[in-house]
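The next block holds one structure in the form of structure tokens; read it before the comments.
Where a number appears in this text, it was derived from the coordinates with a stated rule and is not lab data. None of these values were measured; they are calculated from a predicted model. FYI the Cβ positions are ideal-geometry reconstructions off the backbone, even for glycines, and counts take in every protein chain you see.
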Amino acid sequence: MSIKLSAQALGHLPASVARPAYDRAALRAGILHFGVGNFHRSHQAVYLDQLFDAGLDHDWAIVGAGVFPAEEAGRQKLAGQDWLTTVVEQDSGHMSARVTGAMIDFIRPGDTAAVIDRLADPAIRIVSLTITEGGYFIDPASGAFNPTHPQIVADAADIAAPRTVFGLILAGLIRRRDEGTVPFTVMSCDNIPHNGRVTADAVIGLARLIDERLADWVREHVAFPNSMVDRITPATTDRERTILAEQFGVDDAWPVFCEPFKQWVLEDRFPAGRPALEKVGAQFVGDVAPFELMKIRILNGGHATIAYPGGLMDIHFVHEAMQHPLVSAFLATLERDEIMPTVPPVPGVVLEDYCKLIERRFANPKIGDTVRRLCLDGSNRQPKFIIPTIADRLKAGAGINGLALESALWCRYCFGTTDSGAVIEPNDPNWDRMQATAKAAKDDPQAWLAMEDIYGEVGRSPVFAAAFAHGLRTLWSLGTRETLTRYLDGAL
């Protein structure tokens with residue numbers, strides 16, 4: 001019989017379940033967080049929970065803030081258990097559960113006034129974000145903020161009633177400016193190159209639509225540190241809830257399962273103060289860019305490399321894809337031949353060791369990460385994780401056959417059927433467009449590369465176009481297995 005998770009139940013949980021040693025009633029909010037999902041709760045919230053458990057910085061607790069109506073379901077689950085989350089770490093020889101308590105409140109989506117009031121509170125010194133790669137209003141081809149997006153235009157027209165994360169942040173900053181309160185630091189924790197700069201571009205770009213002087217004030221007074229975050233964290237399903245109840249006796253409506261590994265590298269730019277996260281393993285550096293590029297290209301690019309062949313061959317779990325000799329060999333070859341050579345040296349890191357670590361993490365059989373999750377949102381992820389690597393290889397006059405095949409596999413996946421004929425359900429915010437373009441590309445591969453907002457200059461490269469077309473035609477004529485075989489044999 002499992003115990004329903006709540007603050008009152010903490011003392012009655014099985015001894016195998018770790019729990020906060022600190023007094024949650026004594027915590028005070030210091031961080032407001034947008035994007036309370038699985039990754040945030042397995043990463044940032046865990047670091048803070050560990051810090052609080054060490055008896056430090058109890059004035060840096062988290063307040064969640066919802067923006068979209070769909071977030072209300074998760075909020076209600078957490079509210080029903082006093083904002084507690086059970087985090088289960090797993091690999092082949094390890095499984096542990098800990099209830100974390102770093103979150104103390106979660107503002108309901110749509111309660112704009114409450115969010116802005118909390119943003120204006122001097123106690124909030126950091127505003128953090130995990131809103132996914134697609135949440136930053138970036139033009140994929142240029143990589144720049146898009147100030148003409150209808151949601152941004154709407155916020156600029158009525159900043160007192162904003163609907164976007166960046167509108168809410170700016171409204172909070174305006175209040176703080178007008179009330180003479182020190183601005184909070186805005187800390188992105190999303191997998192985007194130069195995520196601090198990208199976030200600054202969004203907030204300042206929105207401010208510029210309202211008042212150039214406001215934009216100048218934000219640029220001068222608000223810090224947007226870059227960061228690199230890493231922890232493989234799949235979505236929660238009934239499978240995870242059942243494992244937690246049966247293995248640990250905890251009934252948690254929204255637990256998080258993740259790998260033991262985690263990493264957080266940040267620029268130390270927090271003028272309003274910050275928690276001592278270095279005490280619990282976070283790394284503060286002068287320049288995050290080398291770490292960020294390494295992770296985005298090798299890990300995120302690696303995920304894309306195994307995702308689409310796995311999806312086309314009807315493989316469900318990521319570790320199962322890694323067990324397939326063609327998929328694992330494709331990853332190993334593409335990483336070392338084309339991706340890793342584009343990654344500059346990283347202080348204190350041997351890239352080959354890092355790549356081997358990534359391969360072991362992908363192969364972890366306990367995580368239950370799905371191939372479908374890795375395939376999600378390619379229209380936002382490919383321009384960040386794959387296409388810049390292609391651009392660098394082309395500029396260097398280096399080979400791109402493997403990267404072209406990865407892109408062809410993505411195109412073939414977006415057609416909407418696997419090699420066996422099974423239907424692939426929509427798996428991209430722009431699925432209708434991607435599917436229509438993939439269907440056109442079956443006969444005319446250039447139709448796929450003509451998506452200027454995604455491929456930009458890369459799509460106009462004759463070298464890349466020829467390799468992509470050859471890869472796509474081979475996939476259609478021979479299927480994924482034979483195409484990978486030919487590539488690995490050097491015959492593609």
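Tabulated data
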| item | result |
| --- | --- |
| Kirkwood-based shape ratio for the chain, expressed as Rg/Rh from alpha carbons | 0.97 |
| The range 122-196: C-alpha gyration tensor shape, a/c 1.5 cut-off, then a/b vs b/c | oblate |
| Percent of Cα pairs exceeding the 26 Å cut-off, where the set is the range 152-291 | 42 percent |
| Residues Ser407, Ser328, sorted so that the one with the fewest Cβ neighbours within 10 Å comes first | Ser328, Ser407 |
| Pairwise centroid distance, computed over Cα atoms, of the range 219-293 with the range 44-79, Å | 12 Å |
| Distance between modelled label sites at Val350 and Gln76, nm, 7 Å Cα→Cβ extension | 5.3 nm |
| The range 231-290 - Rg and Dmax from Cα coordinates, angstrom | 16.8, 46 |
| The range 1-39 and the range 465-484: distance between their alpha carbon centers, rounded to Å | 50 Å |
| For the range 155-235: Kirkwood Rh in Å [reciprocal of mean 1/r, alpha carbons] | 13.3 Å |
| Rg and Dmax of the range 350-403, Cα atoms only, in Å | 14.3, 41 |
| Beta bridge orientation in the chain: antiparallel %, DSSP, nearest 5 | 35 percent |
| Rg to Rh, two decimals, where the range 289-488 supplies the alpha carbon set and Rh follows Kirkwood | 0.94 |
| Three-way shape label, the range 3-285, alpha-carbon gyration tensor, a/c 1.5 | prolate |
| Ratio of the Cα radius of gyration of the range 68-170 to 2.2 N^0.38 Å, where N counts its residues | 1.36 |
| Cα centroid of the range 179-211 to Cα centroid of the range 315-334, whole Å | 38 Å |
| At most 16 other Cβ within 10 Å, DSSP loop - trypsin sites (Lys or Arg not before Pro), the range 97-163 | Arg163 |
| Table column - 3J(HN,Hα) (Hz), the range 422-428, Karplus curve with 6.51, -1.76, 1.60, x for Gly and Pro | 5, 6, 8, 5, x, 9, 7 |
| Debye intensity ratio I(q)/I(0), log10, the range 445-492, q values 0.21, 0.29, 0.33 Å⁻¹ (C-alpha model) | -0.72, -0.96, -1.09 |
| Most positive-pole-ward Cα, Ala469, Thr305, Ala363, against dipole of the chain from beta carbon charges | Ala363 |
| Estimated FRET transfer efficiency when R0 is 51 angstrom, pair Asp117-Ala491 (beta carbons, to 0.05) | 0.20 |
| Pairwise label distance in nanometres, Asn146 with Ser16, each label 7 Å out on the Cα-Cβ vector | 4.9 nm |
| In the chain, lysine pairs closer than 14 Å at Cα, eight or more apart or cross-chain | 4 |
| Spin-label pair Gln446/Met1, simplified geometry with 7 Å Cα→Cβ offset, distance in nm | 7.2 nm |
| Near-label residues of the range 344-367 by backbone N, under 20 Å of a point 7 Å along Cα→Cβ of Arg239 | 359-367 |
| Computed E for His94/Asp178 - FRET, C-beta separation, R0 56 angstrom, nearest 0.05 | 0.65 |
| Percent RCO, i.e. relative contact order, over the range 3-285, from Cα pairs under 8 Å lying at least 6 residues apart | 23 percent |
